[in-house]
1. Of all residues in the stretch 270-281, count the ones that are more than 8 Å from the ligand (Cβ to nearest atom) and in a loop (DSSP other than H, G, I, E, B).
2. Return the residue satisfying two criteria in turn: it lies in the stretch 71-124 and is part of a helix (DSSP H, G or I) and β-branched (Val, Ile, Thr), and of such residues it is surrounded by the fewest Cβ atoms within 10 Å (Cβ to Cβ).
3. Would you be able to say whether some residue in the stretch 21-32 is outside any strand (DSSP E or B), closer than 21 Å to residue 105 by Cβ and among the aromatic types (Phe, Trp, Tyr)?
4. Could you tell me whether residue 131 is part of a helix (DSSP H, G or I) and without any contact (Cβ under 8 Å) to a residue 12 or more places away in the chain?
5. Quick check on my filter: what residues within the stretch 52-72 are hydrophobic (A, V, I, L, M, F, W, C) and more than 30 Å from the chain's Cα centre (by Cα)?
6. Only residues that are assigned to a strand (DSSP E or B) and among the charged types (D, E, K, R): list them for the stretch 287-333, please.
7. Which one of the conditions (1) out of contact with any Ser or Thr (no Cβ under 8 Å at 6 or more places or on another chain); (2) surrounded by 14 or more Cβ atoms within 10 Å (Cβ to Cβ); (3) at pLDDT 95 or above does residue 199 fail to meet, given that it meets all the rest?
8. Among what's in the stretch 235-269 and is near the ligand (Cβ under 8 Å from one of its atoms) and of a type in the set (A, V, I, L, M, F, W, C), pick the residue that is farthest from the chain's Cα centre (by Cα).
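The values are calculated or read from the model by the stated rules, or taken from the named source; none is laboratory data. In this text the structure is predicted, and so the values were computed from the model without any measurement. Ideal geometry is used to build each Cβ from the backbone, glycine not excepted, and the neighbour counts take in all protein chains shown.
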Amino acid sequence: SVTENMKEGLVLLSSAGAVLSINKSAAEIFQCRAETVCGNHYIALNRSIEVHEAAEAALQGRHCDVRFELNGRCYQLFATPITEERGADGRAQVAGAAVLVQDITEKASAEQMRREFTANVSHELKTPLTSISGYAEIMKNGIAKQEDIPRFAGHIYTESARLISLVDDIIQLSRLDEHDQKMPREEVDLLALSREAADRLRERAEKRGIRMTVSGDPAAVYGVRTLLEEMVYNLCENAVKYNAEHGLVTVRVKKEAAHITLTVADTGIGIPPEHQARIFERFYRVDKSHSKETGGTGLGLSIVKNAAQYHNARISLESRPGEGSKFIVVFDC
Ligand code: ADP
């Protein structure tokens, strides 16, 4: 019962490498039937070189663990020799091997994400820093003409502002990654938050003739105010940034019996279908130069997604290139 109910796959091998027993999870992982493989050589389970090497090592008395991929999932396999004492000399003999297989797909992809994130962060931080250091060096060496100095200082100022907003976003994301359940929760009205976000963005929007409207019902979500604020603001900011001249941003809050829906729609450049699934990834931008021109960090939507997940809200997107985008966040209440 114990081995049959284990989440991990367990296979016991004889000293000759024959399968003596295989539990339900292992049969599922290797997609075989216990009755057919029992008694056969373990090679019938899986032909990958990693599995073969680990099993052989264990049958020769050495512990071995490897990773392997099968049917799009990632597994960690631990092969351990089973020894028994034999003969007058008391030397241990290998009687067989126990093979334990664990599904580590989620762990492996989280590790991969962390590696990519670190590489991306370093790259994103280095670009503005290199430019700051370049301008500062020219000024320090006295090469810069007096009349160019305000312009160079302006570049240094803009690039350092970029660095600050990048670091702020990274801090916010790592707080969300830690699933900091200690963040204080309160009743937060999404309609009021939307109005505040629109007010903060209005001047920027009007410069490009973009009109912003906020409508709907007052709707309180029990959540973390700063995260919800950031979520609404990022969505509205994108709706302005990626809008066309004289475009429209429409924010709606709808309260129903079981749900509260926040919709942020724009009449902007839209998002091509092949990019739609990826724009919530960290540092993913459809058009890198356009995002940077508008002061984007490529982290806004990943903060939105994490903040939505933090509140058990679902986020979806409808968008057509050249027509506009609509982001829909649905909270349970
Ligand atoms: P950024 O800081 O680059 O705006 P985000 O994470 O907020 O980063 O968004 C990721 C990418 O998704 C953007 O670079 C842009 O290409 C695309 N995007 C986000 N919102 C919109 C929108 N409302 N309309 C068109 N494209 C958008």
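1. Of the residues in that region, 4 qualify.
2. Once the filter is applied, the top-ranked residue is 118.
3. yes
4. On the way: part of a helix (DSSP H, G or I): yes; without any contact (Cβ under 8 Å) to a residue 12 or more places away in the chain: no.
Spelling it out, it is not the case that residue 131 is part of a helix (DSSP H, G or I) and without any contact (Cβ under 8 Å) to a residue 12 or more places away in the chain.
5. Residues satisfying the conditions are 54, 55, 57, 58, 59, 64.
6. 314, 318, 320, 326, 332
7. Evaluating residue 199 over (1) out of contact with any Ser or Thr (no Cβ under 8 Å at 6 or more places or on another chain); (2) surrounded by 14 or more Cβ atoms within 10 Å (Cβ to Cβ); (3) at pLDDT 95 or above leaves (2) as the failure.
8. So the first thing to find is which residues in the stretch 235-269 are near the ligand (Cβ under 8 Å from one of its atoms), and the list is 235, 237-239, 241-243, 264, 266, 268-269.
Then drop every residue that is not of a type in the set (A, V, I, L, M, F, W, C), which leaves 235, 239, 264, 269.
Values: 235: 18, 239: 22, 264: 22, 269: 25 Å.
Top of the filtered list is 269.
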